[in-house]
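Working notes, structure below.
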Amino acid sequence: QKEVEQDPGPLSVPEGAIVSLNCTYSNSAFQYFMWYRQYSRKGPELLMYTYSSGNKEDGRFTAQVDKSSKYISLFIRDSQPSDSATYLCAMSAGSGGSNYKLTFGKGTLLTVNP
Amino acid sequence: DTAVSQTPKYLVTQMGNDKSIKCEQNLGHDTMYWYKQDSKKFLKIMFSYNNKELIINETVPNRFSPKSPDKAHLNLHINSLELGDSAVYFCASSRSPTRQETQYFGPGTRLLVL
């Protein structure tokens, strides 16, 4: 079983839809959870960062972490064509040495159609 | 005022050649990273340096040798290039090893080995 599983999609939605992106993980030591957005032929950029369980909201984006289920989600409300990108989840244990490293999911390709 | 820059952006070369990729960050960060992203978009860490000292060294062929002349620069030298080395290589930086949740990525270097 891979440490981080993410459905690669592709996911295609109409403009204005609510988008739900998810990752599951197996390492119970993970406590830092990130979502990165990567536009085509660009580097990943940090979108949301959450520590431990709970929700975090930033504009149209909401990140949720359920450590008991080892499941994280990113919701995008009122999706826009400019949201079309690959979304990568990432996580780390943050407990020292190489446990600080980020482990990424494979990314979900999202297309928002106008 | 680019935060993390990489050169070259594209690299096409023959099998068996030796090549280098350079990375520079002007964010004043102490920690820098090299990642490899394969054709399926899977992003995997290769190396991490903190203040010129190697702190993460994942299972990478020893044909890959990172070098950090100062904390603002991290270069990657690849000897005897193989077809499987074709990928996009990303450099990233963060304030410290304990702040890996806020990594800033460069634009990537697209390497094609023929």
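The values are calculated or read from the model by the stated rules, or taken from the named source; none is laboratory data. None of these values were measured; they are calculated from a predicted model. Here the Cβ is made from the backbone with ideal geometry for all residues, glycine too, and neighbour counts use every protein chain on show.
Of the residues contained in segment B:74-81, none is found to be over 12 Å from the mean Cα position of the chain (by Cα), within 12 Å of chain A (Cβ to nearest Cβ) and in contact (Cβ under 8 Å) with a residue 24 or more places away in the chain. Here B:Thr98 meets the list (1) farther than 17 Å from B:Thr2 by Cβ; (2) modelled with pLDDT under 90; (3) touching a strand residue (DSSP E or B) at 6+ places or on another chain (Cβ under 7 Å); (4) within 14 Å of chain A (Cβ to nearest Cβ) almost entirely, failing just condition (3). A residue that is within 12 Å of chain B (Cβ to nearest Cβ) and at positive phi can be found somewhere in segment A:95-102. Once segment B:1-28 is narrowed to residues that are in a loop (DSSP other than H, G, I, E, B), closer than 17 Å to A:Pro44 by Cα and of a type in the set (A, V, I, L, M), the residue that is farthest from the other protein chains (Cβ to nearest Cβ) is B:Leu27. Filtered by the rule that a residue be farther than 18 Å from B:Arg110 by Cβ and hydrophobic (A, V, I, L, M, F, W, C), segment B:5-47 gives B:Leu27, B:Met32, B:Ile45, B:Phe47. Among the strands (runs of 3 or more DSSP E) confined to segment A:36-87, the ones with at least 2 residues that are under 25 Å from B:Thr2 (Cβ atoms) are located at A:45-51. The condition of being closer than 23 Å to A:Glu5 by Cβ and among the small types (Gly, Ala, Ser) holds for only one of B:Ser5, B:Ser39, that being B:Ser39. Determine whether A:Ser20 is surrounded by fewer than 15 Cβ atoms within 10 Å (Cβ to Cβ), more than 23 Å from A:Tyr100 (Cβ to Cβ), modelled with pLDDT of 95 or more and within 10 Å of the chain's Cα centre (by Cα). Taking the combined requirement at face value, the residue satisfies it. The residue of segment B:82-95 that is nearest to the other protein chains (Cβ to nearest Cβ), among those that are among the small types (Gly, Ala, Ser) and under 28 Å from A:Trp35 (Cβ atoms), is B:Ala92. Screening A:Arg41 against (1) closer than 27 Å to B:Leu54 by Cβ; (2) over 14 Å from the mean Cα position of the chain (by Cα) leaves a single unmet condition, (1). The number of residues in segment B:29-53 being free of Cβ contacts under 8 Å to residues at least 40 places away in the same chain and either on the phi > 0 side of the Ramachandran plot or away from chain A (no Cβ under 11 Å) (or both) comes to 5.
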